[in-house]
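What follows is calculated from the coordinates using simple rules that are stated; it is not laboratory data. Note that the structure is predicted; figures quoted are calculated from it, not measured. Ideal geometry is used to build each Cβ from the backbone, glycine not excepted, and the neighbour counts take in all protein chains shown.
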6 protein chains.
Amino acid sequence: MKNMVLIPFLLALLSFTSHATDDKVNNFCVADLKGPNSPSGYQCLPPNSLTVDNFVFSLPVSNTSNPIKTGISSAFVNDFPALNGLDISALSVIMDSGGYIPMHTHRGATELIIMVEGQMTAGFLTHDASYVKTLKPGDLMVIPRGLMHFVANYGKDKVVAFAAFSSSNPGIHSFNDIFSNNLPSDILAQTTFLDVAQVKKLKDRFHGSG
Amino acid sequence: MKNMVLIPFLLALLSFTSHATDDKVNNFCVADLKGPNSPSGYQCLPPNSLTVDNFVFSLPVSNTSNPIKTGISSAFVNDFPALNGLDISALSVIMDSGGYIPMHTHRGATELIIMVEGQMTAGFLTHDASYVKTLKPGDLMVIPRGLMHFVANYGKDKVVAFAAFSSSNPGIHSFNDIFSNNLPSDILAQTTFLDVAQVKKLKDRFHGSG
Amino acid sequence: MKNMVLIPFLLALLSFTSHATDDKVNNFCVADLKGPNSPSGYQCLPPNSLTVDNFVFSLPVSNTSNPIKTGISSAFVNDFPALNGLDISALSVIMDSGGYIPMHTHRGATELIIMVEGQMTAGFLTHDASYVKTLKPGDLMVIPRGLMHFVANYGKDKVVAFAAFSSSNPGIHSFNDIFSNNLPSDILAQTTFLDVAQVKKLKDRFHGSG
Amino acid sequence: MKNMVLIPFLLALLSFTSHATDDKVNNFCVADLKGPNSPSGYQCLPPNSLTVDNFVFSLPVSNTSNPIKTGISSAFVNDFPALNGLDISALSVIMDSGGYIPMHTHRGATELIIMVEGQMTAGFLTHDASYVKTLKPGDLMVIPRGLMHFVANYGKDKVVAFAAFSSSNPGIHSFNDIFSNNLPSDILAQTTFLDVAQVKKLKDRFHGSG
Amino acid sequence: MKNMVLIPFLLALLSFTSHATDDKVNNFCVADLKGPNSPSGYQCLPPNSLTVDNFVFSLPVSNTSNPIKTGISSAFVNDFPALNGLDISALSVIMDSGGYIPMHTHRGATELIIMVEGQMTAGFLTHDASYVKTLKPGDLMVIPRGLMHFVANYGKDKVVAFAAFSSSNPGIHSFNDIFSNNLPSDILAQTTFLDVAQVKKLKDRFHGSG
Amino acid sequence: MKNMVLIPFLLALLSFTSHATDDKVNNFCVADLKGPNSPSGYQCLPPNSLTVDNFVFSLPVSNTSNPIKTGISSAFVNDFPALNGLDISALSVIMDSGGYIPMHTHRGATELIIMVEGQMTAGFLTHDASYVKTLKPGDLMVIPRGLMHFVANYGKDKVVAFAAFSSSNPGIHSFNDIFSNNLPSDILAQTTFLDVAQVKKLKDRFHGSG
């Protein structure tokens, strides 16, 4: 009975929602990674094909058996398509004692470090100052966008941390990327003030050429 | 003669306008609703296929023969493709005496109510205050984005009003949407503090399940 | 009793809301027009000083006893401070038969015309086309941002219309503004292709000099 | 010697950096919470007064001795001024078995849930669907902005989780906020379809009036 | 040897860069001009098909044998696809003595004039003021977005200048565009306050009709 | 006479322009550099205090008598307050044969190089590629925001060039900034993979400590 009474009401509301499928697009735009990209991101998957699993991403377990003793798993838009257009992403970090993440920048995003376990030293640099602190569980640290920064575990215990970013694809530009491409060593030395021998040594190490 | 003189001038200006078709795209981007959506909106129809009729939308006449005694016609981007990418939209409201629009929010848009006829009571809520006023013709009221609000006609006369929004698709999230989906009643009761009986009653009314 | 039980719960929630005053600032930022302006707008009035009246604006009744037979009342941020930072504004138009609003642009906003009474002809221009239509009550027309446009009442009846804008201060740059300042007439004639006599005539009419 | 050679070089570079103090402002704009707010956020503290401690925030330990068995600590711009203008923030959640966070929305932000310990069920709602999943450590879930959502611990173990937001002040609009203000009960009942008795019961519980 | 040691390290870093192709998309999004446009711009060309030549554009040499004695070459997104989504563009100007660029506006962009050779007079207009100055090599002048402006060479020597814009497609709306379309002359005269004869003369000159 | 007729018309238009002073603020917001900064920029100077000279900036003549044989003059918002809030800025470069600008990034801006005289080699780097080209007069090159880049004059002639940026304060983060602050040398060596001796040598050269 009540439902009967409500039918005209629901029809009235349908003027809001007559494009039911399209309307969902506007609640979220999960990326179709197979389609083209654009300055605002990827095209949207059809909303009626989506389930809760599109909105959940299980960070892969990363291991620390590598020279930087650090495992990193990213959840950027190319990993987790539901982030498309939503200006947020994250990554997880596991770091053994002595581990570190080299100096790097994020082109288009602020980073917010979230400490969970252990003690991790984090720092960012400006022209004339360094801002460095050893973080404990429950600490947050903000790395303003575009600034060079690093993290390192100078403690004895394993570190577990997360980082959130203000972009669905923050970009990671590692300091050592300058050594992994084919820019000639003499140009690189001149424009970085590094010695040529140093440049060649690191080009060799990071598989650069030139 | 004058035209002859102007021809080189016009050719000179053509360096500005040599992509005549593409250039129009940049004056406006009327949505191709058949194509994919993206975080910034739909792809543009070819600009040389457009006429003034693409830029005009006649709001359908809505009737008020429904339980909320209110007729609503929306002009959002899915109704009126010329709004694509332009951060504006509108709707019209006709409301008989005793009519109302239930509590709802607009996800991504501020609303500006424009009163034309009759007297309509409008209100929005924050955590510890309500902002409620009976509006007269010529009154505007702003509903800051994301806040829960309602309108109602407690007068004797018919109400005619419009609302403009700061988005081409403001989204409408009605309070009663929490009852029209399949979230289990016990979870819904727990997380809203409503009584289970109340939840079940409204789930029944709004065709929800679970 | 129940309230007693809820007190710790409310205290728990207060971790969200411990800066009660500041928090409201984030729901809305009603302009302090006496303070300085900035690229994002005016500073916010203290939120706890606000009532519903800050969110309602009664458009002044405008009269049409003027050469353009048109009355316009604007609700831009300087008129209606609650619009500060909210990317929306509006104006009302009353237009006698034969009235019109001269060619103009809005620097930073799309316009959405909302027709209420009478018949109004509206048009906008691009380099090689005009988009002109006579609008009836219930019609909407979008003027993409930055394009030159006009409206006129070529019918017999009074026109009542509103316009909404995608900015809290859309700017109005009337075509005839080129005649109301002090740019020398010869420069103005040269750079507009108008005849000098025409320029001088309109400089005289619109109180320009030079 | 080398430094001597570099002095003119450094002077040359000083054309970039002659406004040393102002330049730092542009690397970051830590909020002066005592000053006025604006649509883009707070004014910046003088950059040369800042140390690394301005960029680190220790989330307070929250306890779960409350009816929702949940402790929440927020790091929004009013808590952590370094987030000013940076479009990111976070909070931490500790939740005993049986705990939950009631239905709520974030006005202007997407939420990214980061699971650390235990199992937490999270869900968001649209008009005709619910998206609900029980999350495990290492899982991320995205709540598209503006949608109603909840979390609950239906497991036996304590839950530890974080949430990141795409705004420095995401706003929290709890479902039960509709009961804590002074909107008259009959209006609230009408516009929510809730029974008046239910409304009065919850107004009593959440200290609302009217 | 060292490379061997680094291999696990590089594998570790690959968790950042496992979508190598997609990742480049995010460094830049060079327009595929053959594909559709959208409110945020064109779709991106596959990043691995790009070379440095995609990022370099040689402005065509423009000549000044025309009534305005001015050659203009634009580098907007439709000319130079690498600008897609990057909010910047430019043009070059060569102007003989006596040359000028007629009054015009840029719909969506601020202009920054960069003077290289000669002396050029530039001016912009508001409702009640004109801001005019003769610029010398090394001078910059900013034209706030949307304002009507012109440049002219009242000196004896050739002018060379550039203009940069805060949009990849700033739009150019010349004053005389009002005469090159098909808006009827009587409507145009009425809404601009120009004499009908003046309108007809310029419609004739600029190939307008109506 | 005509003016008399127009007076009521002008009064009618004054409904648009009754806040004459405030209205100008919205045409432009020239920075008050003595006031506080905010995330959207500086507060605006009173618009009625401004003349054309506020909108013109003469780039200082820079000399090349320095180790990088390069003179740079910037016109960022702190140099040229009219750029406040306008998302554009510029700089000029003069470079003797053998001169160069070291590797650097711009935190928040795309750069558009505009070549005027001589031949300049410009290059930017990604993880696995370098994009390098020798530019001639009339060439433009775009440096997508956030990427490491350099320019150098390997020709015989003097170079004159400009660069435009998509921000009123693009930020300049030179590669060698990592050596001019107080981050301890051992941490810097570890996180950059540089040898400690190299780090100490450059810390000495760039006046860093630690």
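May I ask you to derive the relative contact order of region E:127-210, considering only C-alpha pairs under 8 Å and at least 6 residues apart, and to give it as an integer percent? 25 percent. Placing +1 on each Lys and Arg Cβ and -1 on each Asp and Glu Cβ, with no other charges, gives region E:69-171 a dipole about its Cα centre of roughly 140 debye. Stokes-Einstein diffusion for region E:17-118, with the hydrodynamic radius set to the Kirkwood value over Cα pairs and evaluated at 10 °C in a medium of 1.306 mPa s, equals 99 µm²/s.
Dividing the helix sum by the residues of chain A, where each DSSP H run of 4 or more adds -39500 (n - 2.57), gives a mean residue ellipticity at 222 nm of -6000 deg cm²/dmol. The phi torsions of region F:96-107, fed into the Karplus equation with coefficients 6.51, -1.76 and 1.60 and a -60° offset, translate into couplings of 6, 4, x, x, 6, 10, x, 3, 7, 10, 10, 3 Hz, rounded to whole numbers, with Gly and Pro shown as x. As a rough footprinting exposure proxy, the listed residues A:Lys201, F:Lys156 were ranked by other beta carbons within 10 Å of their own, and the order from fewest upward is F:Lys156, A:Lys201.
The value of relative contact order for chain F, using C-alpha pairs under 8 Å at least six residues apart, is 18 percent.
The same position A:Ser58 in the other copies lies at 3.6, 5.7, 5.7, 6.4, 7.0 nm from this copy, comparing label points 7 Å beyond Cα toward the beta-carbon, shortest first. Across region E:75-90, computed HN-Hα scalar couplings (Karplus, 6.51 cos²θ - 1.76 cosθ + 1.60, θ = phi - 60°) run 10, 9, 4, 6, 8, 10, x, 5, 6, 3, x, 9, 6, 8, 6, 7 Hz from first to last residue, x flagging Gly and Pro.
Peptide F:108-121 has a mean shielding of 4, counted as Cβ atoms of other protein chains within 10 Å of each residue's Cβ.
Two tests apply to each whole DSSP H helix in chain E, Cα reach of 20 Å or more along its axis and mean Kyte-Doolittle hydropathy of at least -0.5, and the ones passing both are E:2-17. Spin-label model, B:Thr134/D:Asn63: points 7 Å from Cα along the beta carbon direction are separated by 5.0 nm.
Counting neighbouring Cβ atoms within 10 Å and putting the fewest first, the residues C:Asp139, D:Asp186, A:Asp96 line up as D:Asp186, A:Asp96, C:Asp139. Evaluated on the protein assembly as shown, the Kirkwood hydrodynamic radius is 32.0 Å, with distances taken between all distinct Cα atoms. Counted over chain F with a bin width of 5 Å, the fraction of Cα pairs per bin, in whole percents, is 1, 6, 11, 13, 14, 13, 12, 9, 6, 4, 3, 2, 2, 1, 1, 1, 0, 0. Legend: mean number of C-beta atoms from other chains within 10 angstrom of residue C-beta atoms, peptide F:68-76, equals 4.
Note on region E:118-173: Rg/Rh from Cα positions, Kirkwood definition for Rh, rounded to two decimals, is 0.97. Here F:Asp32 and B:Asn48 are evaluated by their C-beta separation; at R0 = 51 Å the FRET efficiency comes out at 0.60.
Cα-Cα over 25 Å: which of B:Lys203/D:Lys201; A:Lys34/A:Lys69; B:Lys133/D:Lys203; D:Lys158/D:Lys203; E:Lys133/E:Lys156; A:Lys69/D:Lys156? Going by Cα-Cα distance, A:Lys34/A:Lys69; D:Lys158/D:Lys203; A:Lys69/D:Lys156 fall outside the 25 Å limit. When chain F is turned onto chain A, its residue with the beta carbon nearest the axis, and that distance in whole angstrom, is F:Gln198, 2.
Contact order, relative form, for region B:69-171: 41 percent (alpha carbon pairs under 8 Å, 6 or more residues apart, mean separation divided by residue count). Computed over region D:69-171, the quotient of the alpha carbon radius of gyration and 2.2 N^0.38 Å is 1.03.
Counting, for every residue in B:157-163, the Cβ atoms of other protein chains within 10 Å of its Cβ and taking the mean gives 2.
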